[in-house]
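The values are calculated or read from the model by the stated rules, or taken from the named source; none is laboratory data. This is a predicted model, so every value here is computed, not measured. FYI the Cβ positions are ideal-geometry reconstructions off the backbone, even for glycines, and counts take in every protein chain you see.
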Amino acid sequence: MPVHAEQKILDFTPQQVFDLVADVRAYDQFLPWCVASRITREEEGGRVFYADLVIGHKMVRETFSSRVELDPSREIRVQYLSGPLRYLKNRWTFSPVGEGSDRCLVDFYVDFEFRNPIFRHIAGVFFHEAVKRMVHAFEARAHALYDLPGEKP
């Protein structure tokens, strides 16, 4: 499968963006194709948790189970456990842009492959567009949560 790596500067603090991405329970409220999101188990005071995402479009629904590790140095790593994939590699890092800045450099990386050859073909065709829509959904969510009333994104 293709790999998608993207860096983007957002006008939010690294902590704000980290908190938004770490809030897996809210994904079904804003993430395209995510019809359900839940935490099934937490460890290490919530720093490690197990999550299920149900992704669907029209008649197709699949559940992905992952182990998510929240690193205090502002990194989120996702380890794929079960579902329709052969593998998934996913990492987010959040770095301040300049000293004392309220801006964040988000570094996003994802690589995965479906087991099913039909899904693999469909994903190959739409992979980059789908990932761009998902990254944009996180950015829009940040604006919805953190912009001051009357402020334009």
Every listed condition ((1) touching a Lys or Arg at 6+ places or on another chain (Cβ under 7 Å); (2) under 30 Å from Ile122 (Cβ atoms)) holds for Val97 save (2)
Filter region 45-88 down to the residues that are among the basic types (Lys, Arg) and over 24 Å from Arg120 (Cα atoms), then identify the one that is surrounded by the most Cβ atoms within 10 Å (Cβ to Cβ). Arg74
Specify which of the listed residues (Ala36, Ala51) is among the aliphatic types (A, V, I, L, M), touching a Gly at 6+ places or on another chain (Cβ under 9 Å) and part of a strand (DSSP E or B). Ala36
Filtering region 91-131 down to residues that are small (Gly, Ala, Ser) and touching a helix residue (DSSP H, G or I) at 6+ places or on another chain (Cβ under 8 Å) yields Ser95, Ala123, Ala130
Apart from one, (1) modelled with pLDDT of 95 or more; (2) closer than 30 Å to Leu148 by Cβ all hold for Glu43; the odd one out is (2)
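What residue, among those in region 89-110 that are among the polar types (S, T, N, Q) and surrounded by 15 or more Cβ atoms within 10 Å (Cβ to Cβ), is farthest from Glu129 (Cα to Cα)? Spell out the reasoning first.
As a first pass, look at region 89-110 and keep what is among the polar types (S, T, N, Q): 90, 93, 95, 101.
Next, only the ones that are surrounded by 15 or more Cβ atoms within 10 Å (Cβ to Cβ) stay: 90, 93, 95.
Numbers: Asn90: 17, Thr93: 21, Ser95: 25 Å.
Selected residue: Ser95.
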Restricting region 1-19 to residues that are aliphatic (A, V, I, L, M) and surrounded by fewer than 18 Cβ atoms within 10 Å (Cβ to Cβ), the residue that is farthest from Asp71 (Cα to Cα): Met1
Under the condition of being in contact (Cβ under 8 Å) with a residue 12 or more places away in the chain and of a type outside the set (Gly, Ala, Ser), which residue from region 111-123 is surrounded by the most Cβ atoms within 10 Å (Cβ to Cβ)? Phe112
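Restricting to strands (runs of 3 or more DSSP E) lying wholly in region 58-153: which have 1 or more residues that are of a type outside the set (Ser, Thr, Tyr) and at pLDDT below 85?
Numbers: elements: 60-71, 75-82, 85-96, 104-114.
Passing ranges, in order: 60-71, 104-114.
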Just a yes or no: is a residue in region 126-143 among the charged types (D, E, K, R), under 16 Å from Leu10 (Cβ atoms), out of contact with any strand residue (DSSP E or B) (no Cβ under 9 Å at 6 or more places or on another chain) and in contact (Cβ under 8 Å) with a residue 60 or more places away in the chain? yes
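Quick check, is Ala22 touching a strand residue (DSSP E or B) at 6+ places or on another chain (Cβ under 7 Å) and surrounded by fewer than 13 Cβ atoms within 10 Å (Cβ to Cβ)?
So Ala22 does not fit the description; no.
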Matching residues, region 25-37, being of a type in the set (Lys, Arg) and surrounded by 14 or more Cβ atoms within 10 Å (Cβ to Cβ): none
Could you look through region 29-63, keep only residues that are free of Cβ contacts under 8 Å to residues at least 12 places away in the same chain and touching a strand residue (DSSP E or B) at 6+ places or on another chain (Cβ under 8 Å), and pick out the one that is farthest from Thr93 (Cα to Cα)? Arg41
